[in-house]
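Structure record follows, encoded as structure tokens.
Just so it is clear, none of the values below were taken in a lab; they were calculated from the coordinates. Computed from a prediction, not measured in an experiment: that's the story for all the values here. Ideal geometry is used to build each Cβ from the backbone, glycine not excepted, and the neighbour counts take in all protein chains shown.
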Amino acid sequence: SRSMPTQAVPPRVPTLSPRLDAIVRRIPRGARLADVGTDHALVPIAALARGRAASAIGIDRSAHALARARDNARRAGVAVDLRLGDGLAPLTPHEADTLVVAGIGGCRTIALLERADLARLGIQSLLLAPHRDLVPLRRHVLDHLGPIEDEILVADGRRWYVVLLARLERPPGCTTTDAVLGPILRRRTDEAYAAYVHGRLAALQDALNRAPPDRPDPRRKTLAALTREWARVSRPQARAPRPLGSDEAESQEPTGG
């Protein structure tokens with residue numbers, strides 16, 4: 001009897017959340033990508049499958065997560081170099097020129113970046129998407145790493161996220177307004193940005209109402225900046241909705257001077 005020919009299984013690229021999709025869309029074409037805290041490698045897999053990255057390294061501290069990542073990459077038909085390790089320690093110089101750090105807080109991201117010599121590694125572009133502590137991360141980037149070239153505002157579920165795209169060049173320095181509102185993001189006046197500002201303002205007001213009133217609180221600088229920005233972008237005929245959980249980290253974000 002004649003055997004039936006086997007059919008190739010079509011590649012299955014995992015579906016991305018809006019936040020991860022925004023990251024992949026901003027990866028420079030032809031990038032040599034390193035994704036730190038890759039988890040199940042969704043970002044490097046999509047970057048390779050869409051032709052945005054020429055190569056991709058995924059790093060994670062969890063062997064279990066990397067096992068899932070290998071399975072995802074195999075099903076998607078792409079080759080991701082998956083490495084077990086902490087931070088950028090598994091990278092050697094000039095293996096990657098674009099670094100993605102997503103899904104951890106901004107303060108943890110700062111600590112990770114400070115432990116590595118990014119210039120020696122050959123990193124040129126950063127894509128950072130913290131789930132909290134955005135203000136100190138912006139300040140660190142602008143004061144120590146380089147200019148922020150873009151800020152992508154993403155509604156994902158019931159939360160807002162901001163994806164920062166930065167280049168390793170001469171740092172321009174950071175003002176309080178830049179740290180709180182973003183040097184790129186605050187140029188916007190659309191309804192989505194107004195809703196984002198309103199959500200942050202309401203969350204911070206709630207947090208300060210619960211704080212001891214007799215203690216100096218550096219978050220009041222953030223509150224003042226957000227209040228001015230809300231006055232600028234709000235429209236008398238329309239009230240911006242408050243996205244629940246838009247930035248719960250406001251209650252813990254210092255602004256500095």
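Brief remarks follow.
- Using C-alpha pairs under 8 Å with a sequence gap of at least 6, the mean separation divided by the residue count of the stretch 1-137 gives a relative contact order of 23 percent.
- Net lengthening on full extension, Arg25/Arg159 (0.36 nm per residue, minus Cα-Cα): 46.3 nm
- Look at Glu114, Glu151 and count the other Cβ atoms within 10 Å of each Cβ; fewest to most, that gives Glu114, Glu151.
- Each residue in Ile45, Ile110 was given a count of other beta-carbon atoms within 10 angstrom of its own, and listing them fewest first yields Ile110, Ile45.
- Separation of the Thr175 and Arg187 label points, Cα + 7 Å toward Cβ, nm: 1.5
- For peptides 134-147, 82-95, 15-28, 188-201, sequence by mean Cβ density within 10 Å, most packed first: 134-147, 188-201, 15-28, 82-95
- Magnitude of the charge dipole, the stretch 8-97, Cβ model with Lys/Arg +1 and Asp/Glu -1, debye to 20: 360
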